[in-house]
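Some notes on the structure that comes next.
FYI, it's all coordinate maths here, none of it is from the lab. Keep in mind that what you see is a predicted model, and the values were worked out from it rather than measured. Note that we place each Cβ from the backbone using ideal geometry, even for glycine, and neighbour counts take in every protein chain shown.
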Amino acid sequence: MNLSQTHRTLETIWRIESPKIIAGLTRMVRDVSLAEDIAQDALVIALDRWSDHNMPDNPGAWLMTTAKRRAIDHMRRNKRRDQKYMEIGHQMELFKDNEQSEHWDGEIGDDILRLIFMTCHPSLSQEARVALTLRLLCGLTTEEIARSFLVAESTIAQRIVRAKKTLSTGKVPFEVPTEELKERLTAVLEVIYLMFNEGYSATSGQHWIRPLLCQEALRLGRVLAEIATEEPEVHGLVALMEIQSSRFKARVTPEGEPVLLMDQNRARWDYLLIRRGLMALERSRKLGKALGPYSLQAAISACHAQARTAAETDWVRIAALYEALSRVSPSPIVELNRAVAISMAFGPAFALQIVDELQSEPSLKEYHLLPSVRGDLLVKLGRDDEASKEFDRAASMTRNEREKELLIKRVEEIKSAKIAKERLQHESGSN
């Protein structure tokens, strides 16, 4: 394995393992900023050693072991933490390089949930919580987060630094609170939702989806549903993630190419996950409260899941659910999705009017799905040249390589269809 291959492999492993490592270290050192620094030290050591030697059989366990050793070294050097070091040293056993990591799974899982509650502390602003979550739990770079927020990279970097400093100086406990659980629940649900969305549609990189990130978000949602049994939106979010997760096998080709919802082979959907999702949605409804944003999105996903074929999809109901969602949780992205549903239910002309009104929305200026949706509507209206320009614009905006390829393919299909049409007209005229 050459150096560049090693780096690419390590980058993939790091995206998967870093949340677990940072969470485990935070439990040890009780400082999320220090935990991230130590985790990065372990990554640097891996970059150095793995370039000269073969990769270990269990790289995740190797990184965790190295990070924990660095943490203990840090505590050793800090005289004020000598006693804490002695306590931890007596309680834990370090992995050897060839040991497996399964002994840590349950503990680390709990640690990740504790880390989420920690980063969702009320002392942090909503923007800071989201940025810190995307950095620590989703493994996004500061540049990628800045693009998501449509703000300067320096702004995001400052938010993250201030957030970690606030948690440290405030001595925010590393725990799932009992008394404050309900107050932090909205923020925690948003964090888990963001984790799942990043896995479902990766912001950047060579892969369209990151299933392991979705699985972790779903696992955390299930744990939370056992803790907050009377909160309908917890069950609504679990329902949404269960149903969306059911599509993974059909969502990409064996080569990793994206397959859009209407083109998916529904026989490949996981109907066990769909049943679990429908049961979670029913639990949310039975609690007797008006459906919140996650439950409404789950209800929309349920409409797709219950249609045996794409043609049988109840788009009128989906459009009505998006209308309800726009009232409960209004946003330009919800409005864009509502336009798609209206197009399917009532035709593209009216939907295009909605999309055109969104063109002036500042928050969607760099949002690649706006020109992508507009391109789809223009194709349906027979305005292929305009559609081609929209798909080109969308391709230039996305940072995900698979999505870029899909959009470029749409442009090529339009051009090929136009050439074929002109050839047919020419041949008909010649005859």
**Study point:** Cβ-defined net charge surrounding Ala128, 10 Å radius [Lys, Arg +1; Asp, Glu -1]
**Key:** +3
Exercise for review: Could you pull out the chymotrypsin sites (Phe, Trp or Tyr not before Pro) across segment 337-406 that fall in loop regions by DSSP (anything but H, G, I, E, B) with no more than 13 other Cβ atoms inside 10 Å?
Suggested key: none
Point to revise | Net dipole in debye of the chain [+1 Lys, Arg Cβ; -1 Asp, Glu Cβ; about Cα centre; nearest 20] | key: 480 debye
Review point. Highest GNM mean-square fluctuation, the chain, Cα pairs closer than 10 Å: which of Phe196, Phe248, Phe174?
Key: Phe248
Point to revise | Dipole of the chain, positive direction: furthest Cα of Ile243, Leu181, Asn265, with charges on the beta-carbon | key: Leu181
**Study point:** Computed [θ] at 222 nm, helices only, for the chain once each DSSP H run of length n ≥ 4 contributes -39500 (n - 2.57)
**Key:** -23500 deg cm²/dmol
Review point. Highest GNM mean-square fluctuation, the chain, Cα pairs closer than 10 Å: which of Asp48, Asp270, Asp392?
Key: Asp48
Study note, to complete from the structure: Candidate span helices, the chain: DSSP H, at least 18 Å along axis from Cα coords, Kyte-Doolittle average at least 0.0, result 32-50, 105-119, 181-200, 211-227, 232-245, 293-306, 315-328, 332-346
Practice item. For the chain, evaluate the Debye formula with one uniform point scatterer on each Cα (no solvent term) and list log10 I(q)/I(0) at q = 0.14 Å⁻¹, rounded to two decimals. Key: -1.42
Practice item. Quick one: net charge around Leu296, please, counting Lys, Arg +1 and Asp, Glu -1 for every other residue with C-beta under 13 Å from its C-beta. Key: +3
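Within the set of other residues whose C-beta is less than 14 Å from the C-beta of Ile160, count the net charge using Lys and Arg as +1 and Asp and Glu as -1. Write down the numbers at each step before the final one.
Details: positive: Arg129, Arg135, Arg159, Arg162, Lys164, Lys165; negative: Glu36, Asp37, Glu127, Glu143, Glu144, Glu153.
Overall, the nearby charge balance is 0.
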Exercise for review: Please say if segment 241-375 is rounded, prolate or oblate, where rounded means a/c under 1.5 for a ≥ b ≥ c the square roots of the C-alpha gyration tensor eigenvalues, and otherwise the choice is prolate for a/b larger than b/c and oblate otherwise?
Suggested key: oblate
Study note, to complete from the structure: Charge dipole of the chain built from unit charges on the beta carbon (Lys, Arg +1; Asp, Glu -1), centred at mean Cα; most positive-end Cα among Val44, Leu132, Gly347 is Leu132
Revision key, fill the gap. For the chain the mean separation of alpha carbon contacts under 8 Å (6+ apart) over residue count, i.e. relative contact order in percent, is 10 percent
Check your understanding: Once the convex hull of the C-alpha atoms of segment 223-262 is built, how many Å³ does it hold per residue, rounded to a whole number?
Key -> 76 Å³
Practice item. Please give every one of the aspartates and glutamates within straight-line cross-link reach of Lys171, meaning a C-alpha to C-alpha distance under 13 Å, and leave out same-chain neighbours fewer than 8 residues apart. Key: Asp31
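Report D for segment 326-365 in µm² per second (integer): Stokes-Einstein, Kirkwood Rh on Cα pairs, 37 °C, 0.692 mPa s.
After rounding, the answer is 319 µm²/s.
Within the chain, what's the longest run with no GluC sites (Glu not before Pro) in a DSSP loop and at most 10 other beta-carbon atoms within 10 Å? Give the range, please.
256-431
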Exercise for review: Kindly provide the pair-distance distribution of segment 339-424 built from C-alpha pairs, with 5 Å bins from 0 and whole-percent values in order of increasing distance.
Suggested key: 3, 16, 24, 23, 19, 11, 4, 1, 0
